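The values are calculated or read from the model by the stated rules, or taken from the named source; none is laboratory data. All values derive from a computational prediction rather than experimental measurement. For neighbour counting, all protein chains shown are included, and Cβ atoms are generated from backbone atoms with ideal geometry for every residue, glycine included. Remember, those area values only see protein heavy atoms, side chains included, never the ligands or the DNA or RNA. Shrake-Rupley method; radii C 1.70, N 1.55, O 1.52, S 1.80 Å.
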Amino acid sequence: MRVAEASDFAAVARLQSDVVRWLATRGLDQWQSVESNDRQTPERMQKRIADAIGRGECFVLTDDSRIVATVIIDELADPEFWQDEDDPGDALYVHRMIVSRNYAGRGIGENLVDFALRLARKRGKKWLRLDAWRTNPALHEYYRQLGFDHVRTVSLPHRGSGALFQRHAGDSG
């Protein structure tokens, strides 16, 4: 696991677009445009990746030199989801956790979460949080299996995401 570099941008963007296509074959619209929302356009998603790489918040896992997984970990609490009473400053936030389909089922997602938990503890944060696509219950169950608790679901017409999960950063395994 390492911090992504500018030269990793194309591989990270390709990994994300591959997963978006795979999700679509399963009938899921995750990370695709929501009507009246331009947050999920390919251009905006690529800009988010580039910005996260530039800030040192995008991490990649490699097998030899091939990027097989990526995750963005930052302190940016989405204000549409995380409110003042959630103490948003006391958490790290996981975004765009993606594992190549060729490496699925090998525990890589769990390793990414463990890495994020260690980073949260190192930074003195109490929580590791994420928001998941509301219409992907299998993903919600996956996060529960990784030790996350469902906090609430926020339904906004312009957002596809909104199922909020958190895990205490002191929890291991």
Determine whether residue 115 is surrounded by fewer than 18 Cβ atoms within 10 Å (Cβ to Cβ) and out of contact with any Gly (no Cβ under 7 Å at 6 or more places or on another chain).
yes
Residue pairs, Cβ under 8 Å, 6 or more apart or interchain, first in region 155-173 and closer than 19 Å to residue 123 by Cα and among the hydrophobic types (A, V, I, L, M, F, W, C), second modelled with pLDDT of 80 or more and open to solvent by 70 Å² or more (accessible area, probe 1.4 Å). List them.
169/121; 169/126
The correct count of residues that are open to solvent by less than 10 Å² (accessible area, probe 1.4 Å) and within 19 Å of residue 69 (Cβ to Cβ) in region 118-132 is 4
Is there a residue being more than 23 Å from residue 17 (Cα to Cα), touching a helix residue (DSSP H, G or I) at 6+ places or on another chain (Cβ under 6 Å) and either open to solvent by 50 Å² or more (accessible area, probe 1.4 Å) or assigned to a loop (DSSP other than H, G, I, E, B) (or both) anywhere in region 91-104?
no
Kindly establish whether residue 14 is on the phi < 0 side of the Ramachandran plot, at pLDDT below 80 and open to solvent by 90 Å² or more (accessible area, probe 1.4 Å).
no
Out of the residues in region 133-173 meeting the condition of being of a type in the set (A, V, I, L, M) and surrounded by 15 or more Cβ atoms within 10 Å (Cβ to Cβ), tell me which one is farthest from residue 23 (Cα to Cα).
169
Would you check which residues across region 58-74 are open to solvent by 10 Å² or more (accessible area, probe 1.4 Å) and either at pLDDT 95 or above or part of a strand (DSSP E or B) (or both) and list them?
59, 61, 62, 63, 66, 67, 72
Could you check, for region 78-86, whether at least one of its residues is within 13 Å of the chain's Cα centre (by Cα) and either under 19 Å from residue 147 (Cβ atoms) or open to solvent by 40 Å² or more (accessible area, probe 1.4 Å) (or both)?
no
